[in-house]
Structure formats: C-alpha cells, structure tokens
Amino acid sequence: MPKNRHVPERSCVACGAKTPKAQLIRFVRTSQGPIIVDTTGKEAGRGAYLCRIPDCWEKAIGKRALERSFKKDLSVKDLEPVRTYYEANIAPQTATQ
Ligand SMILES: [Zn+2]
C-alpha cells in the first residue's frame, strides 16, 4: 500500500488560507531589498506566499500585506517585480487595447 504523500501547505499572506505550496506563488526578499517572484521555488531567502486570487495580490501590493509578512518597509520599486508579475499572470485580463 502506497504511503500517503505529505503535501506541504503554506498560508497566503493576504487571505491566510492554507493551500498546497505548489499552488502558491512564492516571493523572496533579497538582501538588496527588492522582492522577487520565485517561480522555481528554489531561491534562498525569506519567503512569503500568495495564492492566485487577484484580490490577494491587490492586498499584498496595495494594502501592504507583503510588507507585514517581511516586517520591512518596501518601496514602490521593491514591489515592482510583484506588480509586474501580477499584471502579466494574475490580473483579470480585460479586452482593452
Ligand atoms: Zn490568498
């Protein structure tokens, strides 16, 4: 009988829901300051997780949920990679030209 595979779970920093790690996006705070989106899951550093719900990203960027998680003031520039990723991959795509 195969063993049950343990699925690691993490909490989204915005909504707090526990979700299997593989379904979350990981962020890493680099020592230089900027937050990077860790698409490989292998970047070293302090990590934070967000689920793929646009509302959560809005909270993370606009309401500073990521800042609270990293316990650090983040500038607009530090959050730029997060916003870029959000706009490219998470934000509801509208048919604007
Ligand atoms: Zn969430």
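The values are calculated or read from the model by the stated rules, or taken from the named source; none is laboratory data. Every value quoted in this text rests on a predicted model; they were computed, and no experiment measured them. So basically every Cβ, Gly included, is an ideal-geometry build from the backbone, and we count neighbours across all protein chains shown.
Just the residues that are charged (D, E, K, R) and at pLDDT below 90, please, taken from region 30-42.
Just the residues of region 30-42 that are charged (D, E, K, R), to begin with: 38, 42.
Once the filter is applied, which keeps residues that are charged (D, E, K, R) and at pLDDT below 90, region 30-42 yields only 42.
Given the condition closer than 19 Å to residue 10 by Cβ, in contact (Cβ under 8 Å) with a residue 12 or more places away in the chain, among the small types (Gly, Ala, Ser) and surrounded by 11 or more Cβ atoms within 10 Å (Cβ to Cβ), answer yes or no: does some residue in region 84-97 qualify?
Scanning region 84-97 turns up no residue that is closer than 19 Å to residue 10 by Cβ, in contact (Cβ under 8 Å) with a residue 12 or more places away in the chain, among the small types (Gly, Ala, Ser) and surrounded by 11 or more Cβ atoms within 10 Å (Cβ to Cβ).
Which residues, taken from region 29-52, are touching a residue at least 40 places away in the same chain (Cβ under 8 Å), surrounded by fewer than 18 Cβ atoms within 10 Å (Cβ to Cβ) and over 18 Å from residue 91 (Cα atoms)?
Residues satisfying the conditions are 33, 34.
Can you tell me which condition residue 26 does not meet? The list is (1) surrounded by 15 or more Cβ atoms within 10 Å (Cβ to Cβ); (2) part of a loop (DSSP other than H, G, I, E, B), and all the others hold.
(2)
For (1) more than 18 Å from residue 71 (Cβ to Cβ); (2) small (Gly, Ala, Ser); (3) away from the ligand (no atom under 16 Å from the Cβ), each residue gets a yes or a no:
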position: 11; (1), (2), (3): no, yes, no
position: 16; (1), (2), (3): no, yes, no
position: 25; (1), (2), (3): yes, no, no
position: 28; (1), (2), (3): no, no, yes
position: 31; (1), (2), (3): no, yes, yes
position: 34; (1), (2), (3): no, no, yes
position: 43; (1), (2), (3): yes, no, yes
position: 46; (1), (2), (3): no, no, yes
